[in-house]
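These notes concern the structure reproduced below.
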Amino acid sequence: MNKRSWAEPYKIKAVEHLRMTTRDERERAIREAGYNTFLLRSDDVYIDLLTDSGTSAMSDRQWAAMMIGDESYAGSRNFYTLEDAVRRHYGYKHLIPTHQGRGAEHLLSQLCISDGDFVPGNMYFTTTRHHQEAAGGAFVDVVIDEAHDPESEHPFKGNVDLDKLQGLIDRVGAERVPYLSLETNVNMAGGQPCSMENIRAVGELCHRHGIPVYLDATRAIENAWFIKLREPGFADRSIASILLEICSHTDGCTMSAKKDSLVNIGGFLAVNDDELAERARNMVVVYEGLHTYGGLAGRDMEAMAIGIAESVQESHIRARVGQVEYLGQNLIDAGVPVVRPIGGHGVFIDAAKFLPHIPRERFPAQSLAAALYVDSGVRSMERGGVSAGRDPETGENIFPPLELVRLTIPRRVYTQAHMDVVSESVISLHEAPEQVTGLRMIHEPKHLRFFQARFEPAPAPVEHGTHPRPHAAIGSA
Ligand SMILES: *Cc1c(COP(=O)(O)O)cnc(C)c1O
């Protein structure tokens with residue numbers, strides 16, 4: 001055998017101790033949290049796979065850079081370092097820092113969208129769509145159909161369906177489409193990439209109609225890695241050059257640096273258009289801070305600049321996605337039903353298939369997330385009926401086709417042994433699924449109920465009147 005494993009391109013210098021809990025303690029903790037993993041205290045969690053947002057480990061160089069933060073109000077040296085890093089790696093001309101991704105989405109939406117506009121995108125993201133709608137636009141999903149199918153093995157499930165896009169332009173007219181929002185490694189589809197061929201074609205189609213393309217570059221580097229692996233002609237290219245080429249087909253980006261860029265807070269808007277940049281600089285002072293810090297400390301910008309340079313290192317991204325695939329493959333090998341192909345930032349378990357004895361009214365994914373926590377102290381997130389909420393018109397529960405538990409992997413934080421603990425726990429529950437009991441919701445907040453809803457164990461279903469909904473939604477944050 002000539003096996004060559006991926007491995008971490010770093011060694012560990014400082015450790016953060018975790019509190020080990022007993023099963024009794026975890027049973028008490030989850031009961032007190034109303035069987036909702038969002039309501040657990042992180043001190044009671046052993047391995048935290050709730051989200052990959054802002055949870056990455058910074059490197060020794062990033063921590064050292066925190067000490068050279070220039071906290072001047074205007075013209076901080078660190079802004080220029082960050083501007084240089086964004087220009088070099090993303091290729092856009094103007095940088096406007098923001099406190100995190102949604103700050104950039106707010107600026108772009110307010111500056112470009114007018115009442116009655118249509119904003120096409122390859123699947124919605126919660127905050128992105130919110131800001132588009134708040135600015136008077138309507139989000140239009142133009143992702144390919146395969147993105148909504150957990151069993152489709154399409155290598156680029158994030159691709160835009162060019163016919164859907166052309167159809168929208170024909171229907172409403174190009175002047176009603178302020179821009180197309182193109183997300184890389186689509187979060188809600190499970191971390192699924194777009195191909196370079198598709199990104200190029202989307203750019204050409206939009207530009208032919210005078211429509212700009214703005215990238216949601218939050219996970220563009222994970223996307224670049226999948227292009228290198230899966231798309232002919234890219235195997236010998238560097239991640240940095242693939243990233244630059246992705247961006248070259250677009251006019252700017254919004255970015256949550258809490259993901260790819262390996263920092264705990266930060267984001268930016270980057271654009272090529274001089275006039276739009278001027279207007280964005282004017283607006284950022286109202287909502288975020290002066291245009292040379294946008295709500296960030298100087299030290300945060302310095303750490304982000306270094307994080308960006310580290311994030312395009314092939315050894316980094318290979319190990320990052322390799323670790324996600326390692327966990328996913330362990331589960332697939334044991335017959336656990338998961339969304340295929342394994343995405344870039346997490347593994348999504350098909351809880352409806354995993355727990356066939358629990359009806360949708362008893363929230364299988366919520367039940368599985370709670371049971372996983374009790375079994376091993378691993379915190380995951382529900383993405384299914386609880387997250388989908390109720391139909392605003394009928395008031396009935398919405399049960400989307402996908403009923404998932406998301407295991408999201410922070411970058412550079414956990415080891416392969418931690419991944420083994422996670423898969424062993426999932427596999428042991430999968431071997432005896434009947435030990436997992438369904439849940440009844442006993443407290444239901446009006447908005448985004450999944451964050452604060454409370455539950456209690458309830459073996460037998462009593463509710464009726466459910467109906468399926470044709471849109472898949474996976475993930476958040
Ligand atoms: C997290 C995320 C955002 C929003 O960024 P925040 O930094 O959380 O405000 C936008 N788009 C995608 C795809 C994301 O994953």
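Structure notes:
- Normalised by the number of residues in the chain, the average gap of Cα pairs under 8 Å and 6 or more apart makes the relative contact order 23 percent.
- A dipole drawn for the stretch 126-269 from +1 and -1 charges on Cβ atoms has a positive end, and of Phe156, Val202, Ala220 the residue lying farthest that way is Ala220.
- Loop-resident sites, the stretch 1-91, for chymotrypsin sites (Phe, Trp or Tyr not before Pro), counting at most 12 other Cβ within 10 Å (DSSP): Tyr73
- DSSP beta bridges confined to the chain are antiparallel in about 60 percent of cases.
- For the stretch 124-132, Karplus couplings with θ = phi - 60° (6.51, -1.76, 1.60), whole Hz, Gly/Pro x: 7, 10, 3, 6, 4, 5, 4, 5, 5
- Trypsin sites (Lys or Arg not before Pro) lying in DSSP loop within the stretch 48-114, provided at most 14 other Cβ fall within 10 Å: Lys93
- Folded to 0 to 90 degrees: helix 416-431 orientation relative to the chain principal axis, Cα: 40
- Added length on full extension, which subtracts the Cα-Cα distance from 0.36 nm per residue, Glu314 to Gln329: 3.3 nm
- Least to most buried among Met304, Met419, Met188 (fewest other Cβ within 10 Å first): Met419, Met188, Met304
- In the chain, the alpha-carbon atoms span a convex hull of 148 Å³ per residue.
- The length gained by stretching the chain between Arg88 and Glu393 to full extension, at 0.36 nm per residue less their Cα-Cα distance, is 104.9 nm.
- Stretch gain in nm, segment Arg4-Val286, where the contour uses 0.36 nm per residue and the Cα spacing is subtracted: 96.3 nm
- Label separation (Glu71 vs Ser114): 4.5 nm, computed from points 7 Å beyond Cα along the C-beta direction.
- Working from Cα pairs under 8 Å separated by at least six residues, relative contact order for the stretch 60-311 is 32 percent.
- Cut-off 20 Å, label 7 Å out along Cα→Cβ of Glu27, residues of the stretch 434-457 by amide N: 434-440, 455-457
- Simple spin-label estimate for Val421 and Arg200 gives 4.6 nm between the two label positions (7 Å along the Cα-to-Cβ direction from each Cα).
- For the stretch 366-426, convex hull volume per residue from C-alpha positions, Å³: 91
- One Cα centroid belongs to the stretch 247-303, the other to the stretch 161-206; the line between them spans 23 Å.
- Taking every Cα-Cα distance in the stretch 1-141 and sorting them into 5 Å bins from zero, the calculated P(r) comes out as 2, 7, 9, 11, 12, 13, 14, 14, 10, 6, 2, 0, 0 percent.
- Applying 1/(1 + (r/R0)^6) with r as the Cβ-Cβ distance of Ile442 and Glu151 and R0 = 41 angstrom yields a FRET efficiency of 0.75.
- Folded to 0 to 90 degrees: helix 23-32 orientation relative to the chain principal axis, Cα: 70
- Debye, to nearest 20: dipole size of the chain, +1 on Lys, Arg Cβ, -1 on Asp, Glu Cβ: 760
- Each of Val263, Val413 was scored by other Cβ atoms within 10 Å of its Cβ. Listed from fewest to most, they are Val413, Val263.
- For the stretch 60-311: Kirkwood Rh in Å [reciprocal of mean 1/r, alpha carbons]: 18.1
- When each of Arg360, Arg390, Arg318, Arg383 is scored by the number of other beta-carbon atoms lying within 10 Å, the sequence from fewest to most is Arg390, Arg318, Arg360, Arg383.
- With at most 14 other Cβ atoms within 10 Å, longest stretch of the chain clear of loop GluC sites (Glu not before Pro) (DSSP): 154-392
Read the figures in this text as sums done on the coordinates, not as results from a lab. What you see is a predicted model, and the numbers here were worked out from it, not measured in a lab. Glycine gets a Cβ as well: all are built from the backbone with ideal geometry, and neighbour counts include every protein chain shown.
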